[in-house]
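Have a look at the structure below, then the notes.
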Amino acid sequence: MYKNVFDTLEERGYFSQATHKEEIYDLLSKPGVSFYIGFDPTADSLHVGHFVQMMVMSHMQKAGHRPIALMGGGTGMIGDPSGRTDMRQMMTVETIDHNVECFKKQMGKVIDFSEDKAIIVNNADWLRDLNYIDFLREIGTHFSVNKMLTAECYKARLEKGLSFLEFNYMLMQAYDFYYLHENYGVNLEFGGDDQWSNILAGMELVRRKKGDSVYGLTFTLLTNSEGKKMGKTAKGAVWLDPEKFSVYDFYQYWRNVDDADVIKCMKLLTFMPMDEINEYGKLTDSAINEAKKRLAYEVTSIIHGKEQADIAKKTAEDLFENRGGKSEDMKTYEIPSASLKDGIDFAEVLVNAGVMKSKGECRRMIEQKGVYLNDVVVEDKFYQLTEKDFDKDGEAVARKGKKVYYRLKIV
């Protein structure tokens, strides 16, 4: 029996708002609906916030619907003002096109693009060559400036200044919905809660131009139990590209989420059955760590593959459970033996290894007793590393705080 994917999205906590809930439910009651989600290529990698959207697309695809991933090669040249207090940095066409190609590769890990089961389109194909006067006459006439200024994405910017460039963004995104409805039979747009105003604008444009009914649905942004966006670390965003955010750090990010966020993340970011998730939801106190390990493994497997997830899991177990801070797969920094004869500044080594951003940061952490060498707190902020700090295999382990380990190896 066909299960309506709307029930799945609601059960797992994706669903937030719908323009016409009953109509959308009926639309999704049978397979074959083409829908789209937009991605503006503001970086050369997707991040965990995008991952929620990719999971929604995957659930829809598994239910027999066709995802259209809309790359914002055109809208990206303006930048979405939603959720911003300042104007986005302008990007070149070359940068935008490069970012689009990076997005395509990453999406393929979660969504099946074979045999037109899902497609990727780029609004650069229809937006970049638009004649501005024609666009204003055909599209601009359907928009009320008064109504646009009441949209949340613009209200927040009016105090500090909203450029006319950004003011055009809503028109262009609305045009996307109209274009995809006309050319790809799209009747449904999905997006994060911050896209509500833009989705409504697109629906209204289709209604005014065609007289057709189309719909919109928004899903929950990835936030923690305090309502703050997840996906930020001291190193910056949690990227899906392992070159920008290592697989091990990615695994550890999910391994260390707050207890209150584990079950929510399982529902949104894994394909684990709900019965199994609900069992994990019964765990309390230290037993919740088992749920965190499972979450980290599942999410890492989806994005980076099972083999990489296995390595990250083993590394974490070696460091924190089995071998007291050593793992064959841990990050390693090699030190020439000659440099150790007269001693080498430990802070400099940690900076060169990438453990710290600067010597100043390192020395401040040493003062705060947050730096360890072979599980011993380093007391001297000018400590000189010598051969006596290494074991018979020429190895030592440096640690920052409780979680960041590096192996130092003599070569």
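Would you pick out the residues in segment 118-144 that are of a type in the set (S, T, N, Q) and in a loop (DSSP other than H, G, I, E, B)? Give the derivation first.
So the first thing to find is which residues in segment 118-144 are of a type in the set (S, T, N, Q), and the list is 122-123, 131, 141, 144.
If the condition is that a residue be of a type in the set (S, T, N, Q) and in a loop (DSSP other than H, G, I, E, B), then ASN123, ASN131, SER144 are the ones that fit.
Looking at GLY227, GLY211, which is the one that is on the phi > 0 side of the Ramachandran plot and either in the same structural domain as LYS109 (by TED's automatic domain parsing) or acidic (Asp, Glu) (or both)?
Values: GLY227 fails: either in the same structural domain as LYS109 (by TED's automatic domain parsing) or acidic (Asp, Glu) (or both).
When all the criteria are applied, what remains is GLY211.
Exactly one of (1) without any contact (Cβ under 8 Å) to a residue 60 or more places away in the chain; (2) closer than 25 Å to GLY108 by Cα; (3) part of a helix (DSSP H, G or I) is unmet by MET272. Its number?
(3)
Out of the residues in segment 374-383 meeting the condition of being loosely packed, with under 13 Cβ neighbours inside 10 Å and touching a residue at least 12 places away in the same chain (Cβ under 8 Å), tell me which one is farthest from SER337 (Cα to Cα). Even if it seems obvious, please write down each step before you answer.
So in segment 374-383, the residues loosely packed, with under 13 Cβ neighbours inside 10 Å come out as 375-377, 379-380, 382.
Those left that are additionally touching a residue at least 12 places away in the same chain (Cβ under 8 Å): 375, 379-380, 382.
Working: ASP375: 22, GLU379: 24, ASP380: 22, PHE382: 20 Å.
Among them, the one singled out is GLU379.
Among VAL186, VAL257, VAL214, VAL262, which is without any contact (Cβ under 8 Å) to a residue 40 or more places away in the chain, closer than 19 Å to VAL33 by Cα, buried (at least 16 other Cβ atoms within 10 Å of the Cβ) and among the β-branched types (Val, Ile, Thr)? Let's see the steps before the verdict.
Working: VAL186 fails: without any contact (Cβ under 8 Å) to a residue 40 or more places away in the chain; VAL257 fails: closer than 19 Å to VAL33 by Cα; VAL262 fails: closer than 19 Å to VAL33 by Cα.
Of the residues listed, the single one that is without any contact (Cβ under 8 Å) to a residue 40 or more places away in the chain, closer than 19 Å to VAL33 by Cα, buried (at least 16 other Cβ atoms within 10 Å of the Cβ) and among the β-branched types (Val, Ile, Thr) is VAL214.
Select from segment 306-339 the residues that are at pLDDT 80 or above, among the polar types (S, T, N, Q) and under 18 Å from LYS292 (Cβ atoms) and list them in ascending order.
Within segment 306-339, the first condition is being at pLDDT 80 or above, and the residues that meet it are 306-317, 332-339.
Next, from what is left, pick out any that are among the polar types (S, T, N, Q): 308, 315, 332, 337, 339.
Once the filter is applied, which keeps residues that are at pLDDT 80 or above, among the polar types (S, T, N, Q) and under 18 Å from LYS292 (Cβ atoms), segment 306-339 yields only THR315.
Run down LEU200, LEU221 and say which single residue is touching a strand residue (DSSP E or B) at 6+ places or on another chain (Cβ under 7 Å), surrounded by fewer than 20 Cβ atoms within 10 Å (Cβ to Cβ) and part of a helix (DSSP H, G or I).
Values: LEU221 fails: part of a helix (DSSP H, G or I).
Result: LEU200 is the single residue among LEU200, LEU221 that is touching a strand residue (DSSP E or B) at 6+ places or on another chain (Cβ under 7 Å), surrounded by fewer than 20 Cβ atoms within 10 Å (Cβ to Cβ) and part of a helix (DSSP H, G or I).
Checking ALA296 against (1) in contact with a Phe, Trp or Tyr (Cβ under 8 Å, 6 or more places away or on another chain); (2) part of a helix (DSSP H, G or I); (3) among the aliphatic types (A, V, I, L, M); (4) modelled with pLDDT under 90, which test does it fail?
Of (1) in contact with a Phe, Trp or Tyr (Cβ under 8 Å, 6 or more places away or on another chain); (2) part of a helix (DSSP H, G or I); (3) among the aliphatic types (A, V, I, L, M); (4) modelled with pLDDT under 90, only one is false for ALA296: (4).
For segment 231-247, indicate whether the set of residues that are aliphatic (A, V, I, L, M), more than 28 Å from PHE6 (Cα to Cα) and not in a loop (DSSP other than H, G, I, E, B) is non-empty.
So far as segment 231-247 goes, yes, one or more of its residues are aliphatic (A, V, I, L, M), more than 28 Å from PHE6 (Cα to Cα) and not in a loop (DSSP other than H, G, I, E, B).
How about segment 37-51: which of its residues are closer than 17 Å to ILE111 by Cα, among the β-branched types (Val, Ile, Thr) and modelled with pLDDT under 95?
Start the filter on segment 37-51 by keeping residues that are closer than 17 Å to ILE111 by Cα, which leaves 37-39, 45-51.
From what is left, the residues that are among the β-branched types (Val, Ile, Thr) are 37, 48.
If the condition is that a residue be closer than 17 Å to ILE111 by Cα, among the β-branched types (Val, Ile, Thr) and modelled with pLDDT under 95, then VAL48 is the only one that fits.
Take the residues in segment 7-41 that are under 22 Å from the mean Cα position of the chain (by Cα) and among the hydrophobic types (A, V, I, L, M, F, W, C); name whichever of them is nearest to LEU222 (Cα to Cα).
Residues of segment 7-41 that are under 22 Å from the mean Cα position of the chain (by Cα), as a first pass: 8-17, 35-41.
Restricting the remaining residues to those that are among the hydrophobic types (A, V, I, L, M, F, W, C) gives 9, 15, 35, 37, 39.
Values: LEU9: 14, PHE15: 12, PHE35: 21, ILE37: 16, PHE39: 16 Å.
My answer is PHE15.
Taking the stated definitions as given, is PHE390 more than 33 Å from the chain's Cα centre (by Cα) and modelled with pLDDT under 85?
Values: more than 33 Å from the chain's Cα centre (by Cα): yes; modelled with pLDDT under 85: yes.
Against the criterion (more than 33 Å from the chain's Cα centre (by Cα) and modelled with pLDDT under 85), PHE390 qualifies.
What do you reckon, is ASP249 surrounded by 15 or more Cβ atoms within 10 Å (Cβ to Cβ) and of a type outside the set (Gly, Ala, Ser)? Can you show your working first?
Working: surrounded by 15 or more Cβ atoms within 10 Å (Cβ to Cβ): yes; of a type outside the set (Gly, Ala, Ser): yes.
Yes, satisfied.
Here's a check for you: in segment 1-18, which residue that is among the aromatic types (Phe, Trp, Tyr), buried (at least 17 other Cβ atoms within 10 Å of the Cβ) and more than 23 Å from LEU240 (Cβ to Cβ) is modelled with the lowest pLDDT?
Kept after step one, since they are among the aromatic types (Phe, Trp, Tyr), are these residues of segment 1-18: 2, 6, 14-15.
Still in the list and also buried (at least 17 other Cβ atoms within 10 Å of the Cβ): 6, 14-15.
From what's left, more than 23 Å from LEU240 (Cβ to Cβ): 6, 15.
On the way: PHE6: 96, PHE15: 93.
Applying the filter and picking the extreme gives PHE15.
Check segment 19-36 and report whether any residue there is at pLDDT below 95 and crowded, with 19+ Cβ neighbours inside 10 Å.
no
Restricting to segment 2-43, count the residues that are part of a loop (DSSP other than H, G, I, E, B) and at negative phi.
Step one: filter segment 2-43 for residues part of a loop (DSSP other than H, G, I, E, B), giving 2-4, 12-14, 19-20, 28-33, 40-43.
Within this subset, residues satisfying the condition of being at negative phi are 2-4, 12, 14, 19-20, 28-31, 33, 40-43.
Of the residues in segment 2-43, 16 are part of a loop (DSSP other than H, G, I, E, B) and at negative phi.
For the structure I just gave you, tell me whether ASP194 is at pLDDT 80 or above, among the acidic types (Asp, Glu) and either crowded, with 17+ Cβ neighbours inside 10 Å or not in a helix (DSSP H, G or I) (or both).
Working: at pLDDT 80 or above: yes; among the acidic types (Asp, Glu): yes; either crowded, with 17+ Cβ neighbours inside 10 Å or not in a helix (DSSP H, G or I) (or both): no.
No, not satisfied.
Just name the residue that is farthest from TYR406 (Cα to Cα) out of those in segment 355-373 that are touching a residue at least 24 places away in the same chain (Cβ under 8 Å) and part of a loop (DSSP other than H, G, I, E, B). Don't jump to the end; show me each part of the working.
Of the residues in segment 355-373, the ones touching a residue at least 24 places away in the same chain (Cβ under 8 Å) are 355-356, 365, 370-373.
From the residues that got through so far, the ones that are part of a loop (DSSP other than H, G, I, E, B) too are 355-356, 370.
Working: VAL355: 7, MET356: 11, GLY370: 14 Å.
Per the stated criteria, the residue is GLY370.
Can you list residue pairs whose Cβ atoms sit under 6 Å apart, with the first residue in segment 48-75 being assigned to a loop (DSSP other than H, G, I, E, B) and the second being modelled with pLDDT of 95 or more and not basic (Lys, Arg)? Count only pairs 6 or more apart in sequence or on different chains.
Partner pairs satisfying both residue conditions: ALA63/VAL5; HIS65/VAL33.
Determine which member of the set PHE245, PHE250 is of a type in the set (Phe, Trp, Tyr), in the same structural domain as GLY305 (by TED's automatic domain parsing), in contact with a Pro (Cβ under 9 Å, 6 or more places away or on another chain) and within 18 Å of VAL404 (Cα to Cα). Please lay out each step first, then the result.
Details: PHE245 fails: in contact with a Pro (Cβ under 9 Å, 6 or more places away or on another chain).
Going through PHE245, PHE250 in turn, the sole match is PHE250.
The values are calculated or read from the model by the stated rules, or taken from the named source; none is laboratory data. Just so you know, these numbers come straight off a predicted model, no measurement behind them. No Cβ is skipped: glycine too gets one built from the backbone with ideal geometry, and neighbour counts run over all protein chains shown.
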